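J.: Questions regarding the structure given below will be posed in turn.
Readers should treat all values here as calculations from the given coordinates under stated rules, not as data from a laboratory. Keep in mind it's a predicted model, so treat the numbers as computed, not measured. With ideal geometry, Cβ positions are generated from the backbone for all residues, glycine too; neighbour counts draw on all protein chains shown.
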Amino acid sequence: MPVTLKDVAARAGVSRSAVSRTFTPGASVSAKMRARVEEAAEALGYCPNALASSLTTGRTKLIGLVSNNFHNPAFLEIFDRFTRGLQERGLRPLLVNLTDETAPDASVRMLRQYSVDGVVLASSTLPPSFAQAFSEAGMPVVHAFGRAARRTAVDVVTIDNLACGRMAARTLLARGYRRLAFLGGPEGATSTQDRLAGFRAELAGRADVEVSHSFAADYTFEAGRAAMFRSLDAGPAEAYFCGDDVLSIGALSAVRERGLTVPGDVGLLGVNDMEIAGWQMIGLTTIRQPMREIVQASIDLMVEKLAAPGHAPRVQVLPCTVIERTTLRPLP
């Protein structure tokens with residue numbers, strides 16, 4: 001039979017309420033009493049029941065970790081960092097898959113049923129209306145990798161995708177490329193829209209530059225391959241700014257399959273700096289999105305919101321950097 005709170009109380013010679021207070025964060029209990037109860041609990045192998053504790057405190061410590069990018073290998077790192085980071089802060093991630101979801105209603109109902117204390121939306125492709133729906137349901141929300149807007153209904157931790165697109169254009173121009181192309185992810189994704197807008201804005205007015213754009217069906221390797229094959233059939237650009245590393249790696253595969261070389265015939269620039277981008281046979285030059293810092297800042301914000309709810313929503317924008325590898329010409 002599992003050891004109960006009653007068993008610990010009997011061994012320690014204290015009341016059950018004293019044992020309960022000992023294992024309730026913030027509850028009043030003397031150092032002597034705490035030591036006595038913890039000694040008895042350790043001797044019996046007792047572990048506090050988190051579900052029972054939530055009935056007393058009104059807090060489940062469950063955080064809904066919501067995303068729709070499960071096909072993108074970059075999110076393996078993101079989920080790893082989020083789950084470990086939340087657990088280190090005494091919180092419990094509840095992973096929710098929104099792939100192919102077009103409305104947040106079902107997820108709102110589910111997270112209500114589990115009485116989550118908050119929601120972290122980890123996605124650059126879901127529209128802001130999803131985060132807003134969780135907030136309107138009374139759940140504290142942080143949108144990681146969301147859109148950097150001046151006005152926001154929820155807290156957002158992200159990069160400036162417009163600035164990222166401008167940085168990509170300057171990076172390609174500096175290497176002497178003049179026939180440029182943007183190969184983005186899904187056309188409806190805000191990250192795709194903003195990266196393309198920044199890319200085109202930086203190149204506007206350049207009579208010596210030819211610019212085209214196309215979109216992949218998803219942020220996946222196969223979608224990147226398919227989009228690059230279409231571009232090669234239409235006549236390749238000198239260099240491509242791909243809206244994501246995994247698209248870039250799919251594009252790299254297509255270029256090589258057609259007998260072309262990178263960067264000799266075609267240059268490729270990605271976004272994210274996921275681990276595979278640095279592998280020897282890939283060596284992708286990319287714009288690093290500070291994923292570790294975004295995850296950490298998102299967790300810090302959630303902990304702050306749980307401790308002191310009610311602050312006005314704000315946007316934290318973290319900087320990107322170019323990581324030089326081998327898929328672009330070297331700087332002159």
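J.: Taking the Cβ-Cβ separation of TRP279 and ALA197 as r and a Förster radius of 35 Å, what is the calculated FRET efficiency to the nearest 0.05?
T.: Details: r = 31 Å, r/R0 = 0.88.
Rounded to the nearest 0.05, the efficiency is 0.70.
J.: Show that you can apply the helix-only estimate: for the chain, add -39,500 (n - 2.57) for every DSSP H stretch of four or more residues, divide by all residues, and state [θ] at 222 nm to the nearest 500.
T.: Helix-only estimate at 222 nm: -13000 deg cm²/dmol.
J.: What percent do you get for the relative contact order of the range 184-252 when only Cα pairs under 8 Å and 6+ apart count?
T.: Result for the range 184-252 is 39 percent.
J.: Work out which trypsin sites (Lys or Arg not before Pro) in the chain are exposed loop sites (DSSP not H, G, I, E or B, at most 11 other Cβ within 10 Å) and give the longest gap free of them.
T.: Working: sites that count: ARG150, ARG151, ARG314.
Result, exposed sites excluded: 152-313.
J.: Among the aspartates and glutamates, which fall within straight-line cross-link reach of LYS32, defined as a Cα-Cα distance under 17 Å, with same-chain neighbours fewer than 8 residues apart omitted?
T.: Partners within reach: GLU42.
J.: Per-residue HN-Hα couplings for the range 175-184, Karplus 6.51 cos²θ - 1.76 cosθ + 1.60 at θ = phi - 60°, whole Hz, x for Gly and Pro?
T.: For the range 175-184, the Karplus-derived couplings read 9, x, 6, 10, 9, 10, 9, 9, 10, x Hz, x marking Gly and Pro.
J.: Charges at C-beta only: +1 for Lys and Arg, -1 for Asp and Glu. How large is the resulting dipole of the chain about its Cα centre, in Debye rounded to 20?
T.: Working: 36 positive and 33 negative charges, 193 e Å.
With Lys and Arg at +1 and Asp and Glu at -1, about 920 debye.
J.: Here's a follow-up. Say R0 is 35 Å: what FRET efficiency, to the nearest 0.05, do ALA27 and GLU293 get from their beta-carbon distance? Write out the running numbers ahead of the final one.
T.: On the way: r = 34 Å, r/R0 = 0.99.
Calculated transfer efficiency: 0.50.
J.: Test of understanding: extend the Cα→C-beta vector of SER15 to 7 Å, then name every residue of the range 56-87 with backbone N under 19 Å from that spot.
T.: 56-57
J.: Additional query: Could you pull out every residue, at least 5 positions away or on a different chain, whose amide H is within less than 5 Å of the one on SER212? Hs are placed 1.01 Å off N in the peptide plane, and Pro or chain starts have none.
T.: LEU180, ALA181, PHE182
J.: Over the chain, what is the relative contact order in whole percent, taking alpha-carbon pairs under 8 Å and six or more residues apart?
T.: Rounded, it is 15 percent for the chain.
J.: How high is the FRET efficiency from ALA307 to ARG170, r the C-beta distance, R0 41 Å, rounded to 0.05?
T.: The pair ALA307/ARG170 has a calculated efficiency of 0.50.
J.: Running a GNM on the chain with Cα contacts under 10 Å, which residue among SER124, SER115, SER15 ends up with the highest mean-square fluctuation?
T.: Of SER124, SER115, SER15, the most mobile in the Gaussian network model is SER15.
J.: Continuing with the same structure: Say we join alpha carbon atoms closer than 10 Å with springs in a Gaussian network model of the chain; which of THR158, THR22, THR102 then has the biggest fluctuation?
T.: For the chain, modelled as a Gaussian network with Cα springs under 10 Å, the answer is THR22.
J.: How big is the antiparallel share of DSSP beta bridges in the chain, given as a percent to the nearest 5?
T.: That works out to approximately 10 percent antiparallel.
J.: Let me ask you something else. For a quick check, take a GNM of the chain with Cα springs below 10 Å and name the residue from PRO140, PRO309, PRO263 with the largest mean-square fluctuation.
T.: Ranking PRO140, PRO309, PRO263 by mean-square fluctuation puts PRO309 first.
J.: While we're looking at this one, here's another question. Can you work out ³J(HN,Hα) from phi for every residue in the range 84-94, in order, using Karplus 6.51 cos²θ - 1.76 cosθ + 1.60 and θ = phi - 60°, giving whole Hz and x for Gly and Pro?
T.: 5, x, 5, 5, 5, 9, x, 10, 10, x, 10
J.: Please report Rg over Rh for the range 252-292, where both radii come from the alpha carbon positions and Rh follows the Kirkwood definition.
T.: Value, to two decimals: 1.02.
J.: What nm distance separates the two modelled labels at THR326 and VAL209, each placed 7 Å from Cα along Cα→Cβ?
T.: My value for the distance between the label points is 2.8 nm.
J.: So if I average 1/r over every pair of distinct C-alpha atoms in the range 161-289 and take the inverse, what Kirkwood radius in Å does that give?
T.: It works out to 14.1 Å.
J.: Also, quick follow-up: Name the residues whose placed amide hydrogens come within less than 5 Å of the amide hydrogen of ARG92, ignoring near sequence neighbours (fewer than 5 apart) on the same chain.
T.: Close amide H contacts, sequence-distant or interchain: LEU62, ILE63.
J.: Within a 10 angstrom radius of the beta carbon, how do LEU5, LEU328 rank from fewest other beta carbons to most?
T.: Working: LEU5 19, LEU328 23.
Fewest-to-most ranking of LEU5, LEU328: LEU5, LEU328.
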